[in-house]
Structures are given as structure tokens and as C-alpha cells.
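A short write-up of the structure that comes next.
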Amino acid sequence: MSTPDEALRYPLGRLSIQAESTAEERAAWREAIASTPRRLRAAVNGLDPEQLDTPYRPGGWTVRQVVHHVPDSHMNALTRFKLALTEEVPTIRPYDEAGWARLADGVSEAIDNSLTLLDGLHTRLLLVIDSMGPEQLRRELVHPESGRMDVHALLQTYAWHGPHHVAHITRLRERMGW
């Protein structure tokens, strides 16, 4: 049973990686990634600066920080996919997500810049994803904190990640009556 804080932190539940998948599941994951820019834009549509600077949960990031975090994370995603597809079991570099969220661009920058960045970034990311066959899905990389994983797991991670953060914002809007 989840606690109230757990429900606020993980509104769609925690990420769960499947070892195998069907073509239909992979198509759904691709669609989740493809729709993230549009869904994130819709989630923040009409919010004023005060609302953008409201944390989605007590002690959590503000809506603005969440919006900036998504392209930060997905820039790393594109790099991770490309490294795994072009190098033999590369070790990727993690980054301090919370530290990045506290930087000036995360706390005060207009969200339009990050929304525009996410549009172009996802165009590129989808080109890479759409070019992959079954053999590319099994290519591996090493995350120093999470260990060895394959591209199949990366696909699931980022299919979950965008909707996860969109849900932070939409659930906050529901709770606040925005």
C-alpha cells in the first residue's frame, strides 16, 4: 500500500522494467515518448508565474523545475541511446538531477524555452528509436548507479519518465483546482 507521499512522488507508480516485450508494447512506449512534448505543453497551458513556482508536492520541485527537468533528462536520454548504439557497453555519466533543478535556468527561466527544446529533442530521439531493430534493443550500457542495462530498458524508462512528470503537474492542477 502506498503512502500519501508515495502517491504524490509516483502518481503513475514506480518504474517497472520488463525483460521482454511485444511489438505492441514497444509501439505504446514509443507513443508515450512521442506525446510527451505535447502533453507537457498542455499540462502547463495557462499557468501563471505563481502557479509555475508551486511545488507539485511538499518538498518537491516546482512546476517550473519539472518542466525544465524533462528536457534536461531527455537530452541525457538521447546521448545514452546513441552511446549504447555506437559503443560496446559504454559506461554513461550520471548527473545530479536535483542540482541541475536548482540552477538559475531551472528556477527562473521561462518554460517556453524548455518546451521548444523538448519538441526538437524528441524529433531526434524518435528518429533514433524508430531506426532500431531487435538487435539494437539488446545493446547494453552501464549506469554507475543502476548497473548494466540494455536499450530495451532505456526505452521503457523514458516512456515512463515523461508521463510521470506530466502527471505531477496534472495531479497538482486537479488538487489545486487550476
Consider Leu12 against the criteria (1) under 21 Å from Arg171 (Cβ atoms); (2) in a helix (DSSP H, G or I); (3) open to solvent by 30 Å² or more (accessible area, probe 1.4 Å): it satisfies all of them except one. Which criterion is unmet? (2)
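Here's the yes/no breakdown for (1) modelled with pLDDT of 95 or more; (2) basic (Lys, Arg):
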position: Glu87; (1), (2): yes, no
position: Thr91; (1), (2): yes, no
position: Asp96; (1), (2): yes, no
position: Trp100; (1), (2): yes, no
position: Asp112; (1), (2): yes, no
position: Glu145; (1), (2): no, no
position: Arg175; (1), (2): yes, yes
Please verify whether Glu50 is among the acidic types (Asp, Glu) and either loosely packed, with under 14 Cβ neighbours inside 10 Å or under 25 Å from Glu135 (Cα atoms) (or both), treating the condition exactly as stated. yes
From His143, His165, residue being open to solvent by less than 40 Å² (accessible area, probe 1.4 Å) and in contact with a His (Cβ under 9 Å, 6 or more places away or on another chain): His165
Note on region 96-115: residues surrounded by 12 or more Cβ atoms within 10 Å (Cβ to Cβ) and either more than 20 Å from Asp53 (Cβ to Cβ) or acidic (Asp, Glu) (or both) are Glu97, Asp105, Glu109
Can you find even one residue in region 150-161 that is touching a strand residue (DSSP E or B) at 6+ places or on another chain (Cβ under 6 Å) and modelled with pLDDT of 95 or more? yes
Report yes if Leu125 is in contact (Cβ under 8 Å) with a residue 24 or more places away in the chain, open to solvent by less than 20 Å² (accessible area, probe 1.4 Å) and under 26 Å from Asp48 (Cβ atoms), otherwise no. no
Just to be sure before I move on: is Arg38 within 19 Å of Thr157 (Cα to Cα), modelled with pLDDT of 95 or more, of a type in the set (Lys, Arg) and surrounded by fewer than 16 Cβ atoms within 10 Å (Cβ to Cβ) in the structure I sent? yes
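The values are calculated or read from the model by the stated rules, or taken from the named source; none is laboratory data. The structure displayed is predicted, hence computed values, not measured ones. Note: ideal-geometry Cβ built from the backbone for every residue, glycine included; neighbour counts use all protein chains shown. To get the accessible areas, we keep the full protein, side chains included, count just its heavy atoms, and leave off ligands, DNA and RNA. Shrake-Rupley method; radii C 1.70, N 1.55, O 1.52, S 1.80 Å.
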